[in-house]
Amino acid sequence: MTNINLGLKENWKQFTLLVIVNAFVGGMVGMERSIFPQFAEVEFGVASKTAILTFITAFGISKAVANYYTGKLANKFGRRNLLLIGWLLAIPVPVMLIFAPSWTIVILANILLGVSQGLTWSSTVVMKIDLVGEKDRGLAMGLNEFAGYFAVGIVAFITGYVANSYGITPYPFYIGIFLSIIGFILTLLWVKDTRGHVNKENGIDKTVKLKNIFLETTFKNKTLSSVTQAGLINNLNDGMIWGLLPMVLFSLNYDNENIGIITAIYPTVWGIGQLFTGKMSDHYSKKGMLFWGMLLQGVAILFIPFCSNFTVLAGLSAILGLGTALVYPTFLATISQTTSPQQRAESIGTFRLWRDLGYAFGAVISGITADFFGVNYAIILIALLTITSSIVIKFRMPSTIKNINDHESE
């Protein structure tokens, strides 16, 4: 343990490698981002909004459960081993999508992708936090989420372009085959486990341990539960945007390339923005960043049904990305500050369980609302839920995060 040091500079090689690995993780989601609703309708004749969004529901639930168990098992089996398993599960996904004979196989592929994403993304998040120590957690999360979501945006644009030029299948999914194989090789050959860094930090950390990590993170601890509900709503609206925004643009007669551009702006701004907002969360009010981020998201979504101009829609996509950039690294930095090193992985896993269940809730709520009342009403409903989440942050979350001698449970 004497050779192990905490800090971004001290661990920059492993940290940089994990940033690159997480870009490949994000790219696997980007593969589906701009083309999937049309893929469902063109290839399988699935026209119902609820039915189309079953792929997001399947993805969200499986990723959420995998997040939770990654957090539970990280200390027992090692972060690197879980990361490797995640990549092994990712490799068959694009192949299944290319050769899927039915929509059921597509759903199974998305369940597999969700489990893979839970294992890989959660592992890289926790490993980076382990490496950097207390001082640069926000920056670490900003860089991690930048890499992941910038890759989501870039790959979403590329797959939209490829689909527009060569068809919905199989060529866009070849990108996924490349990403999963390279991600596995990078992890196998060069990524090292960070258990030693956890033990090092645990020797100097004074954070009081939570009595029940799941209950504290979900309900009891005012800081953790405020972050958890906002994470759930964040991904609830992201699931709606993922599923319904391409439909809205398609109904406005945009082609795949322009749909790819508008849908890619949101995760790209989200990704790039985190280069700055992650570092900001180390220095500015985490509560303030979470409140304004959720409010910006809600307002941007609220205007989408009333716009058809390309430039305006692109602008709203950018504002939505900015709002998400403000909250995403701040979620994880706040949880890291509030929990002890030994409990951090499980608390983050619990948060990510609820956050990614938001995908499923968002897909179900927006899909059913869209089928019964129309897509515009579904978007407005999700916008109002997002604004409500910002109000919860405003009035429930303490302004000062207490992480020593008082974990502020009710």
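The values are calculated or read from the model by the stated rules, or taken from the named source; none is laboratory data. These numbers come from a predicted model, not from an experiment. Quick reminder, even Gly has a Cβ in these numbers, built from the backbone with ideal geometry, and neighbours come from all protein chains shown. These accessible areas exclude ligands, DNA and RNA; they are computed on the full protein's heavy atoms, side chains included. Shrake-Rupley method; radii C 1.70, N 1.55, O 1.52, S 1.80 Å.
Computed values, structure above
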quantity	calculated
Lys, Arg +1 and Asp, Glu -1 on Cβ, resulting dipole of the chain about Cα centre, debye, nearest 20	1220
Helical segments meeting 30 Å axial Cα length and Kyte-Doolittle 0.5 threshold in the chain (DSSP H)	12-33, 103-132, 137-166, 222-251, 310-338, 375-396
Net charge, SER34 excluded, C-beta distance under 13 Å - Lys, Arg +1, Asp, Glu -1	-2
Hydrodynamic radius by Kirkwood, which averages 1/r over all alpha carbon pairs of region 202-302, in angstrom	16.4
Protection-proxy order for peptides 14-23, 272-281, 364-373, each taking the mean of Cβ atoms within 10 Å per residue, highest first	272-281, 14-23, 364-373
Cα-only radius of gyration and Dmax that characterise region 63-139, units Å	14.7, 51
Å² per residue, accessible surface of region 142-298 at 1.4 Å	39
Burial order of peptide ranges 37-46, 232-241, 294-303 (average beta-carbon count within 10 Å, highest first)	232-241, 294-303, 37-46
Among ILE304, TYR328, ALA360 - extreme Cα towards positive end, dipole of region 287-410, charges at beta-carbon	TYR328
Amide H contacts under 5 Å for GLY133, placed H, 5+ residues apart	GLY7
